[in-house]
Amino acid sequence: MSRRRQIYEGKAKILYEGPEPGTIIQYFKDDATAFNAEKKGTINGKGVINNRISEFVFTRLSHIGIPTHFIRRLNMREQLVRQVEIIPIEVVVRNVAAGSICKRLGLTEGDQLPHTLIEYCYKEDSLGDPLIAEEHIACFGWANNEEMQDIAAMAIRVNDFLCGMFAGIGIRLIDFKLEFGRIYDGDYSRVILADEISPDGCRLWDIETGEKLDKDRFRRDLGGEEEAYQEVARRLGVLQSEDGSPGEVFDLSAHRGKLRGSKSKS
Ligand code: TMP
């Protein structure tokens, strides 16, 4: 069997050439990084869970008409996706103040924002993904106006859908990051949702307790990150074994103290 060709290795995923032209295999690693990879670690089982969660979310988004790169899940850690030309912009959607916007603007974490905010960052690790204005995107030709209108409209639809989906399982969607890519059809191109949607790139708080169920547990050394990711997967109903039978269901009660006991540092 010939070894498949690796196209790219990122912080949380590896991309391999897919079986057909125009396809890519996304492999989800357990590696976790924060602060532009200054902090490195592993969250055991994260890759398996993120593969499942992202499959679940992208499939549902496609059902409401959001075009995505997702084709199908291949195995525990891999999914087949459409090859896209990645638009070098991280699209951050915020409903509640948390993370970098609190530092930048002196906001209090947990405060509801007056309305949903979309922010853009230039996707360039060597610069630490700096915050940019739409003016920069147009000026440097990273995306044209029509593409930006599509991106903003999709980001809002994704946010509305995800807010409802997570509220239904007792989770408050604080903020999240999206990435988009271009696909070409002859002379025409269109923008579709790419990358992943998982607790790595979302802030998810338990509606009742405020417990953080996302990568902030790792970023802020809160502990219990494995349990938090499992809890999100369990509530979404995606923690199943490969044969489709109900998998081991995570017993939150055994870990509640751990999550609760370490939640304060925000
Ligand atoms: P921030 O508050 O650090 O700017 O993050 C906003 C959201 O974007 C948060 O849900 C985490 C996500 N995010 C990523 O997915 N990748 C990144 O590199 C950064 C900085 C944030």
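The values are calculated or read from the model by the stated rules, or taken from the named source; none is laboratory data. Just so you know, these numbers come straight off a predicted model, no measurement behind them. Here the Cβ is made from the backbone with ideal geometry for all residues, glycine too, and neighbour counts use every protein chain on show. What goes into the accessible areas is simple: the full protein's heavy atoms, side chains included, and nothing from ligands, DNA or RNA. Shrake-Rupley method; radii C 1.70, N 1.55, O 1.52, S 1.80 Å.
A few points about this structure:
- Positive-end residue, the range 12-85 charge dipole about Cα centroid, Cβ charges, pick of Ser62, Val84, Asn44: Asn44
- Taking θ as phi - 60° and the Karplus parameters 6.51, -1.76 and 1.60, the scalar couplings of the range 41-46 work out to x, 9, 10, 4, x, 4 Hz in sequence order, x denoting glycine and proline.
- Residue-by-residue Karplus 3J(HN,Hα) for the range 189-205, coefficients 6.51, -1.76, 1.60, Hz, glycine and proline x: 9, 9, 9, 10, 6, 10, 6, 8, 10, 7, x, 5, x, 10, 9, 10, 10
- Computed over the range 9-60, the percent of Cα pairs more than 12 Å apart is 68.
- Using the alpha-carbon positions of the range 24-112, Rg (one decimal) and Dmax (whole number) come out as 16.1, 44 Å.
- Over all directions, the projected convex hull of the C-alpha atoms in the chain averages 15.4 nm² in area.
- The share of C-alpha pairs in the range 16-169 whose separation exceeds 27 Å stands at 33 percent.
- Rounded to whole numbers, the Karplus 3J(HN,Hα) couplings from phi for the range 27-40 are 9, 8, 8, 8, 5, 10, 10, 8, 6, 6, 6, 5, 10, 10 Hz, using 6.51 cos²θ - 1.76 cosθ + 1.60 with θ = phi - 60°, and x at Gly and Pro.
- Of all segments of the chain bounded by trypsin sites (Lys or Arg not before Pro) found in a DSSP loop with no more than 13 other C-beta atoms within 10 Å, the longest spans 6-264.
- The range 134-198 and the range 9-55 have Cα centres separated by 19 Å.
- Taking every protein chain into account, the accessible area of the range 82-204 amounts to 48 square angstrom per residue (probe 1.4 Å).
- When all alpha carbon pairs of the range 119-198 are counted in 10 Å bins from zero, the resulting P(r) reads 15, 43, 32, 10, 1 %.
- Student exercise, the range 10-134 dipole from Lys, Arg, Asp, Glu Cβ charges, in Debye to nearest 20: 440
- The range 19-66: chymotrypsin sites (Phe, Trp or Tyr not before Pro) in DSSP coil with no more than 12 other Cβ atoms inside 10 Å: Phe35
- Among residues other than Lys29 with Cβ under 12 Å from its Cβ, the summed charge is -1 (Lys and Arg +1, Asp and Glu -1).
- The range 197-232: GluC sites (Glu not before Pro) falling in loop per DSSP and having at most 12 other Cβ within 10 Å: Glu208
- Heavy-atom accessible surface of the chain: percent carbon and sulfur, 1.4 Å: 49
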